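Before any comments, here is the structure.
The values are calculated or read from the model by the stated rules, or taken from the named source; none is laboratory data. As the structure is a prediction and not an experimental result, all values here were calculated from the model. Positions of Cβ are backbone-derived with ideal geometry, glycine not excepted, and every protein chain shown enters the neighbour counts. Accessible surface is based on the protein model in full, side chains and every heavy atom, while ligands, DNA and RNA are left aside. Shrake-Rupley method; radii C 1.70, N 1.55, O 1.52, S 1.80 Å.
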Amino acid sequence: MNENLQTVVTSVNTIMNDTNLNTMTESVVERLVSFGFVPTDEDAWLIAYSTKGTVNHVLNQINHQTVPNGLFEVVVDMICGEVLNAKFLSGQLVLDNLDLDGMVQSVTEGDTTVSFSAEGSDESKLKGLLSWLIQGKGCDFLCYRKMRW
């Protein structure tokens with residue numbers, strides 16, 4: 001990880017003030033870069049907010065105190081989806097910088113299927129990707145749910 005990205009990770013971890021999420025922060029930043037979005041220090045608060053909110057949502061859904069190892073990648077993708085969606089909705093996401101041509105044609109996970117059309121606009125590809133990142137893996141929670149008394 002280059003020095004600029006490490007600075008972003010440090011800023012996010014400082015904002016969150018939660019050492020349990022440090023590894024997740026680094027994974028989120030690296031995953032965002034894999035989509036072609038290079039976060040800066042200006043994105044640190046949004047990444048921290050999305051991380052805390054998504055982790056709390058998942059923990060509420062499964063009734064755990066920490067994110068199980070089997071849900072780590074699911075949570076990282078959900079956080080990335082939230083960050084990219086917030087940037088997109090606020091008009092701060094430059095679609096030309098994202099690698100949307102390399103998207104797979106179809107993803108099936110459980111009862112959820114998402115198709116990415118090679119002929120569609122970048123905006124429609126991005127919306128499909130965001131939907132899949134944010135919601136497409138919720139069925140994985142079922143393996144980890146515990147009864148709440």
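Mind checking the full-extension length gain between PHE72 and CYS139? Use 0.36 nm per residue of separation minus the Cα-Cα distance, one decimal, nm.
Working: separation 67, 0.36 × 67 = 24.12 nm, distance 1.40 nm.
Length difference between fully extended and current span is 22.7 nm.
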Next item on the list: Find, to one decimal place in angstroms, the Kirkwood hydrodynamic radius of the chain, where the mean of 1/r is taken over every pair of different Cα atoms and then inverted.
Entry: 16.0
Check: Tally Lys and Arg at +1 and Asp and Glu at -1 over the other residues with C-beta under 10 Å from the C-beta of HIS64: what net charge comes out?
Finding: +2
Check: Counting only heavy atoms of protein chains, what accessible area per residue, in Å², does the chain have with a probe of 1.4 Å?
Finding: 57
Checklist line | Euclidean distance of C-alpha centroids, segment 49-101 and segment 1-32, integer Å | finding: 14
Note to self: For a Förster distance of 25 Å, can you work out the FRET efficiency between the beta-carbons of ASN4 and LEU89, rounded to the nearest 0.05?
What the structure shows: 0.50
Item checked: Modelled FRET efficiency - R0 22 Å, VAL33 with ASN60, Cβ distances, 0.05 increments -> 0.15
Next item on the list: Sort all Cα-Cα distances of segment 50-90 into consecutive 10 angstrom bins from zero, then give the percent of pairs in each bin up to the one containing the longest distance.
Entry: 30, 52, 16, 2
